[in-house]
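Note sheet for the following structure.
The values are calculated or read from the model by the stated rules, or taken from the named source; none is laboratory data. Values in this document were obtained by computation on a predicted structure and should not be read as measured data. Neighbour counts are summed over all protein chains in view; Cβ atoms, including those assigned to glycine, are modelled from backbone coordinates with ideal geometry. For accessibility, only protein heavy atoms count, side chains too; no ligands or nucleic acids. Shrake-Rupley method; radii C 1.70, N 1.55, O 1.52, S 1.80 Å.
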Amino acid sequence: MPVPACTPLTSVDFATAPATLLVNAPVTFTVTYAPVGATMPITLSWAFGDGQTATTTDVAVTHTYTSFGPQTVRVTATSVVVAVCPSPKAQLR
C-alpha cells in the first residue's frame, strides 16, 4: 500500500472584511495558508481578543464585537500531518 504524500503547513495569515470594523456588526476573518496543498484537514483555533474563541476547519469565520476598542486576534492552524503521515524510518544495513 503506498504511503500518502504529506505536506506540512509553513505559514498562516488572515484578512478581515469589511476593512472598517464596527461595534455590533459582523466581521469575517478569512485564513490563507501555505502551501496550498498542505495535508488536510486543517483545524483553525481562533481567539478574538474579547474573551471569545472558535474552532473550525472552515477557512472563514464570522465574529461580532460588542464593545469598542483595539482587539488582538490570533489564529492557530493545526494540520493532521503528524497524525496521518508516518515519520520516516531508518533502515539498518
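Miscellaneous remarks
- Test for Thr57: is it open to solvent by 50 Å² or more (accessible area, probe 1.4 Å) and under 12 Å from Ala77 (Cα atoms): yes
- Pick from the range 60-75, criterion touching a residue at least 40 places away in the same chain (Cβ under 8 Å) and within 14 Å of Ala15 (Cα to Cα), ranking: surrounded by the most Cβ atoms within 10 Å (Cβ to Cβ): Val75
- The listed residues are Leu21, Leu9, and the only one of them that is touching a residue at least 60 places away in the same chain (Cβ under 8 Å), touching a strand residue (DSSP E or B) at 6+ places or on another chain (Cβ under 8 Å) and part of a loop (DSSP other than H, G, I, E, B) turns out to be Leu9.
- Contact map, the range 26-45: first residue aliphatic (A, V, I, L, M), second residue part of a loop (DSSP other than H, G, I, E, B), Cβ cut-off under 6 Å, separation 6 or more or different chains; pairs are Val27/Leu21; Val31/Val59; Ala34/Thr10; Ala38/Thr7; Ala38/Leu9.
- Residue, surrounded by the most Cβ atoms within 10 Å (Cβ to Cβ), within the range 11-51, restricted to residues that are hydroxyl-bearing (Ser, Thr, Tyr) and under 12 Å from the mean Cα position of the chain (by Cα): Tyr33
- Failed condition for Met40, given (1) in contact with a strand residue (DSSP E or B) (Cβ under 6 Å, 6 or more places away or on another chain); (2) over 23 Å from Ser67 (Cβ atoms); (3) hydrophobic (A, V, I, L, M, F, W, C): (1)
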